1. Please specify each residue of region 25-75 satisfying the condition of being of a type in the set (S, T, N, Q) and in a helix (DSSP H, G or I).
2. I need the full set of residues from region 1-24 which are part of a loop (DSSP other than H, G, I, E, B) and either touching a residue at least 12 places away in the same chain (Cβ under 8 Å) or in contact with an Asp or Glu (Cβ under 6 Å, 6 or more places away or on another chain) (or both), in order please.
Amino acid sequence: MTAVNRWVSRNIINESATQNQEGERVGWLNRVFGYVYHVRLVGKRMKAWNKRVYYAVKYLLIGGILAAFLATAFT
C-alpha cells in the first residue's frame, strides 16, 4: 500500500499541481483541464439549444474515440 501511495503522490499529485506563487510550475493536468473545460461549455450550450443534436454529437465522438482506440490496438 505504501508503494501505491508513493506512486500516486509522485505521478498524479505532482502533475496536477497549481500555481500558488509566481514562478511555480503548473502541472500538465491543470493545463489540459483549461482546454477541456471550454469543450464542456460548448457542449452545455449545444445541449440547451438542441438535445438531439447534442446527444448525436456526443455519441459520435465517443464512437470515434473508441474506434480509433480499437484500430490502433489491433494493428
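1. Answer for region 25-75, where residues must be of a type in the set (S, T, N, Q) and in a helix (DSSP H, G or I): ASN30, THR72.
2. First pass over region 1-24, keeping only residues part of a loop (DSSP other than H, G, I, E, B): 1, 17-24.
Residues satisfying the conditions are ALA17, THR18.
Here, each number is a calculation from the coordinates, and none is a lab measurement. The shown structure was predicted, so the numbers you read here are calculated from the model rather than taken from an experiment. Cβ atoms come from the backbone with ideal geometry, glycine included; neighbour counts cover every protein chain shown.
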